[in-house]
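Working notes for the structure below.
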Amino acid sequence: MKKPVCVVAGVGPGNGTALVRRFHAEGHAVAMLARSTELIDALARELDGTRAYACDVADAAAVERTFAAVSAELGPVEVLVYNAGTGVWGTVEEVTAQQFENAWRVNTLGAFLAAKQVIGPMKAAGRGSIVFVGATASRRGNVRTAAFAPAKAAQRSLAESMARHLWPAGIHVAVLILDGVVDLPRTRQMMPDKPDDFFIAPADVAEAAVQLTRQPRSTWTFELEARPFGERW
């Protein structure tokens, strides 16, 4: 019996890796997408049933080729977790036009391109889950989020439009809003005085994503906020 297929787009050392491990443990065949393959190649060697794919999610042709390969090698995608993102921090005076465009291309255009590849098969099956890993920046523009906030806001609006269109077809579209600092070696180094419970644990992010895909259709969640208890909100 074939395993259900999950695509995790944007696999890095934090949330992406945790998502791969959790969906693998859940019994999925996991396709891992990243621009650099060093990490995902190592995960593929470690976790039987996972496969690594080099993909620039902002490149339409690359996304189409990659999802065609996933479908041919693993089968139709039942779960898409879009974790790809890029954060450029600066005021409107500091951010360049290229940085602004790049933030939109990775956070929003890539989400659009990846979703377009899985909607058809999911509609044919009458089921599926698409989870976008978002941020509270999607709701507010802070001083130094002149590029990041508009990109995340556009991503959230895309997800909401998709949810209204696709929920009746049996496809659960949801946004997992993260509010806080993800626990990574670099963030620990930047904030050495912070206790463990200050940070968002990637394993807990992954668990929240899995729970979204398990929800019964009569009580689907569109937007799930996740933050450590100490985060101001």
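Scaled against 2.2 N^0.38 Å for its residue count N, the alpha carbon radius of gyration of segment 103-143 is 1.49. Comparing 176, 43, 80 in a Gaussian network model of the chain, where Cα atoms under 10 Å apart are tied by springs, the biggest mean-square fluctuation is seen for 43. Remark on segment 8-73: hydrodynamic radius 11.7 angstrom, per the Kirkwood mean of 1/r across alpha carbon pairs.
How many angstrom lie between the Cα centre of segment 195-213 and the Cα centre of segment 9-49? Cα centroid of segment 195-213 versus Cα centroid of segment 9-49: 16 Å apart. Dividing the C-alpha radius of gyration of the chain by 2.2 N^0.38 Å, with N its residue count, gives 0.97. For segment 38-112, taking the reciprocal of the average inverse distance between every pair of different Cα atoms yields a Kirkwood hydrodynamic radius of 14.4 Å.
Just 124, 146, 52 to compare: in a GNM of the chain, with alpha carbon springs under 10 Å, which one fluctuates most? Of 124, 146, 52, the Gaussian network model singles out 124 as fluctuating most. Only one residue of 50, 37, 159 has its Cα farthest out toward the positive end of the dipole of the chain, where Lys and Arg carry +1 and Asp and Glu -1 on Cβ, and that residue is 159. If you run the Gaussian network model on the chain, springs between alpha carbon atoms under 10 Å, then out of 185, 76, 121 the most flexible one is 185. Straight-line reach only, C-alpha to C-alpha below 12 angstrom: list the aspartates and glutamates that residue 123 could link to, leaving out same-chain residues fewer than 8 apart. In chain and number order, the partners are 78.
None of the figures in this text is laboratory data; all of them are computed from the coordinates on show. No experiment lies behind these values; they were computed from the predicted model shown. When we count neighbours, we look across all protein chains shown, and the Cβ atoms used for this are built from the backbone with ideal geometry, even at glycine.
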